[in-house]
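None of the figures in this text is laboratory data; all of them are computed from the coordinates on show. The shown structure was predicted, so the numbers you read here are calculated from the model rather than taken from an experiment. Using ideal geometry, Cβ is built from the backbone for each residue, glycine included, and neighbour counts are taken over all protein chains shown.
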Amino acid sequence: MHDTLRVVQNPGSSVCVFDPTYANYGNTVKCALPNSHLSYIPALDTASWTYLPDPQQSLDMLQDFCKNGAKSLIIPVPDNPTSQIPSDSFIKAARDIMEDHHGFLILDFAYKALWFDDMPDCYSWSPNQFENLISIHSHSKWLSSLGRRFGWIEAHPNVIKGIEKITESTLLSPDTLHSMATTRFLKKSIKNQTLKSYINSTRMLYKKTAEILIENIEQYLGWNYLIPQGGLYTVCPIPNNENSVTFVERVLKNTGVLMIPGTGFGPSMNHAVRISYGPLCYDNNKIEEGIKKIGKYLSI
Ligand SMILES: Cc1ncc(COP(=O)(O)O)c(C=O)c1O
């Protein structure tokens with residue numbers, strides 16, 4: 001993402017993101033584009049706890065940011081922290097707006113393989129069709145290669161050339177052993193036709209785990225939540241509007257259960273938490289155990 005932003009924007013121009021969004025984008029923009037800032041498009045209505053309730057209003061805001069010089073919009077699909085996927089018509093309209101302003105739509109596909117229901121249209125888009133489309137893929141989630149910083153980018157050849165220039169002077173050959181292992185896995189699983197079934201069974205495993213988390217939130221906490229449409233998380237508002245950092249610390253100290261404070265994901269999450277079901281997809285009982293403990297502690 002860092003290298004891509006340096007290629008497509010000049011320092012000082014703003015980068016559009018949703019509020020909330022992936023917490024790392026703030027620092028990425030600071031490092032890649034000095035004097036640039038994030039232009040937040042509100043996506044989570046904290047009163048009704050719904051996602052993109054007024055798509056046209058969000059698109060109008062994007063239009064205004066672009067008129068003021070924004071050159072890219074980053075959308076994680078599915079999103080972190082909300083695990084939501086904007087509608088096909090929304091993503092298409094956002095792409096058109098970026099195109100009108102000679103800007104880029106950057107789809108962060110870190111969680112692409114973990115979608116739960118209908119496959120989004122944008123999964124089959126290509127920069128060959130849309131020159132202003134950039135998609136960034138990662139092996140972190142679907143191949144459990146977190147921390148390797150290993151993936152690939154699809155973009156117009158001029159963008160790729162620019163990214164190559166930057167990576168030539170930063171890293172030349174990332175993690176050779178891991179590249180070899182991934183290549184071997186892909187070759188083998190395509191040949192014996194197990195790749196598709198691996199992806200399907202993995203995403204269904206996460207979907208089932210998400211459902212278990214939601215059932216437990218309803219049963220033991222009674223909090224609002226967003227139904228995950230993919231990915232590894234849901235987000236919930238904190239009772240009594242407590243600050244998310246102090247709330248998470250208090251719950252952790254008293255129950256041993258860790259949630260993630262919402263603050264880093266954007267202003268809309270200052271009084272909310274992200275709950276991750278991903279690590280417990282092989283140990284669903286722990287989800288019930290953890291949520292039950294939180295419920296018991298809060299009811300004291
Ligand atoms: C939306 C999003 N993009 C990118 C990443 C990081 O991907 P990588 O590990 O390939 O750097 C994450 C990791 O949590 C993420 O949530």
Practice task
Measure off 7 Å from each Cα along the Cα-to-Cβ vector at MET180 and ASP64, then give the distance between these two points in nanometres to one decimal.
Solution key: 5.5 nm
Handout entry: Label-point separation in nm, LYS187 to GLU218, each point 7 Å along Cα→Cβ
Key = 4.8 nm
Exercise for the section: Project the alpha carbons of the stretch 27-147 onto their principal axes and report the range along each, largest first, in whole Å. Expected result: 39, 35, 31
Problem - DSSP bridge pairs, the chain: antiparallel proportion in percent, nearest 5 - result: 45 percent
Practice task
In debye, nearest 20, what is the charge dipole magnitude of the stretch 158-234 about its Cα centre with +1 on Lys and Arg Cβ and -1 on Asp and Glu Cβ, if you could check?
Solution key: 540 debye
Practice task
Only Lys, Arg, Asp and Glu count, each charged at its Cβ (+1, +1, -1, -1), so figure out the dipole size of the chain about its Cα centre, rounded to 20 debye.
Solution key: 1220 debye
Exercise for the section: Find the all-direction average of the projected area of the Cα convex hull for the stretch 119-181, expressing the result in square nanometres with one decimal place. Expected result: 5.3 nm²
Exercise for the section: Divide, for the chain, the radius of gyration over alpha carbons by 2.2 N^0.38 Å, where N is the residue count. Expected result: 1.03
Practice task
At 7 Å along the Cα-to-beta-carbon direction for both ARG149 and THR194, put a label point, then send me their distance in nm to one decimal.
Solution key: 3.2 nm
Completion exercise
Amide H neighbours of PHE104 at under 5 Å, excluding residues fewer than 5 places away on the same chain, with H built from the backbone geometry, are SER72, LEU73
Practice task
Output the pairs from LYS112/LYS161; LYS207/LYS293; LYS71/LYS187; LYS208/LYS293; LYS141/LYS208; LYS141/LYS253 with a Cα-Cα distance over 26 Å in this structure; if there are none, say none.
Solution key: LYS71/LYS187; LYS141/LYS253
Handout entry: Normalised contact order of the chain, rounded percent, pairs of Cα under 8 Å and 6 or more residues apart
Key = 18 percent
Fill in the blank from the handout: So ASP54 and SER169, fully extended at 0.36 nm per residue minus their Cα-Cα distance, gain in nm 37.0 nm
Practice task
Select from LYS207, LYS71, LYS286 the residue whose mean-square fluctuation is largest in a Gaussian network model of the chain (Cα-Cα springs shorter than 10 Å).
Solution key: LYS286
Problem - Pairwise centroid distance, computed over Cα atoms, of the stretch 210-265 with the stretch 88-123, Å - result: 27 Å
Completion exercise
Note, the stretch 214-226: 3J(HN,Hα) by Karplus (6.51, -1.76, 1.60, θ = phi - 60°), whole Hz, Gly/Pro = x, goes 4, 4, 6, 4, 4, 5, 9, 10, x, 7, 5, 7, 10
Completion exercise
With the charge dipole of the stretch 2-183 built from beta-carbon charges (+1 for Lys and Arg, -1 for Asp and Glu) about the Cα centre, the Cα from PRO86, ASN132, HIS178 projecting farthest to the positive end belongs to HIS178
